[in-house]
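**Q** The structure under discussion is supplied below as structure tokens; questions concerning it will follow.
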Amino acid sequence: MFAAENGLKGDPRLQAISQAIRVVPHFPKPGIMFQDITTLLLDHKAFKDTVDIFVDRYRDMGISVVAGVEARGFMFGPSIALAIGAKFVPLRKPRKLPGEVIAEAYVLEYGTDCLEMHVGAVQPGERALVIDDLVATGGTLSAAIRLLGAEVIECACVIGLPEVKGQCRLNGKPLYILVEPREIDNCC
């Protein structure tokens with residue numbers, strides 16, 4: 001569900017967050033309108049508003065784990081985890097974590113990939129939130145849900161593609177999205 005449909009309709013923070021995200025046409029390949037959140041991170045107010053909206057939503061849900069999907073989930077997850085009193089668990093690409101890991105493979109629209117997590121990072125029965133920057137097909141978030149082995153309360157993304165209907169592939173878990181993707185900027 002989009003934040004504007006869930007109590008934040010007309011909230012000026014959502015417009016500011018959307019405007020802070022740069023659109024890069026034809027990256028990384030022709031036809032893709034890349035939603036670049038690095039410009040959101042450069043705007044301290046929009047970045048803070050992004051984290052604050054998530055914190056306000058999850059503060060009283062008894063979440064003990066915030067799992068961030070590599071790499072852009074790492075930019076929002078730790079701040080949210082600290083603010084709600086949860087631990088942060090990085091879900092990494094293969095061979096990035098030292099020590100013993102468990103893995104979950106998944107299919108992308110252009111191939112396959114895999115997420116890994118340290119063995120013992122999450123205990124059965126813990127309540128988890130999965131965070132990433134963008135949901136397109138839902139494949140990565142679905143893999144994260146399977147990998148965690150915890151009670152995933154919700155998945156959260158800054159940007160969601162409504163036409164792809166990624167929500168249908170999240171193993172029955174709710175999905176919370178702040179903004180829809182923007183089209184190309186007219187200014188530059």
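The values are calculated or read from the model by the stated rules, or taken from the named source; none is laboratory data. Predicted model, so just to flag it, every value in this text is computed and none were measured. Reconstructed Cβ throughout: ideal geometry from the backbone, glycine too, with neighbour counts over all protein chains shown. Side chains are part of the model used for accessible areas, which takes the heavy atoms of the whole protein and leaves out ligands, DNA and RNA. Shrake-Rupley method; radii C 1.70, N 1.55, O 1.52, S 1.80 Å.
**Q** In the range 157-179, which residue that is assigned to a loop (DSSP other than H, G, I, E, B) and surrounded by 16 or more Cβ atoms within 10 Å (Cβ to Cβ) is modelled with the highest pLDDT? Working first, answer last.
**A** Quick first cut of the range 157-179, residues assigned to a loop (DSSP other than H, G, I, E, B) only: 161-165, 170-174.
Now narrow it down to the ones that are surrounded by 16 or more Cβ atoms within 10 Å (Cβ to Cβ): 161, 170, 173.
On the way: 161: 83, 170: 78, 173: 91.
Within the range 157-179, the match that is modelled with the highest pLDDT is 173.
**Q** Can you tell me how many residues in the range 44-102 are of a type in the set (Val, Ile, Thr), surrounded by fewer than 20 Cβ atoms within 10 Å (Cβ to Cβ) and either under 24 Å from residue 16 (Cβ atoms) or modelled with pLDDT under 95 (or both)? Step through it out loud before you land on a result.
**A** From the range 44-102, those of a type in the set (Val, Ile, Thr) are 50-51, 53, 55, 63, 65-66, 69, 80, 84, 89, 101-102; that's our starting set.
Now drop any that are not surrounded by fewer than 20 Cβ atoms within 10 Å (Cβ to Cβ), which leaves 51, 55, 101-102.
The next check asks that each one be either under 24 Å from residue 16 (Cβ atoms) or modelled with pLDDT under 95 (or both); those that pass are 51, 55.
So the count comes out to 2.
**Q** Can you pull out the residues in the range 100-156 that are aliphatic (A, V, I, L, M), over 20 Å from residue 59 (Cα atoms) and part of a strand (DSSP E or B)?
**A** 101, 102, 103, 105, 107, 108, 115, 117, 134, 135
**Q** Okay, next question. Filter the range 53-68 for residues that are in a strand (DSSP E or B) and within 13 Å of residue 154 (Cβ to Cβ) and give the result. Lay out the reasoning, then the answer.
**A** So in the range 53-68, the residues in a strand (DSSP E or B) come out as 65-68.
Correct list: 65, 66, 67.
**Q** Right, something else. Give me the pairs: first residue in the range 41-55 and under 19 Å from residue 180 (Cβ atoms) and among the basic types (Lys, Arg), second residue outside any helix (DSSP H, G or I) and open to solvent by less than 50 Å² (accessible area, probe 1.4 Å), beta-carbon distance under 6 Å, and six or more apart or on different chains, which are they?
**A** none
**Q** Could you grab me the full set of residues in the range 108-142 that are open to solvent by 10 Å² or more (accessible area, probe 1.4 Å), small (Gly, Ala, Ser) and either farther than 16 Å from residue 94 by Cα or at pLDDT 95 or above (or both)?
**A** Residues satisfying the conditions are 120, 121, 125, 136.
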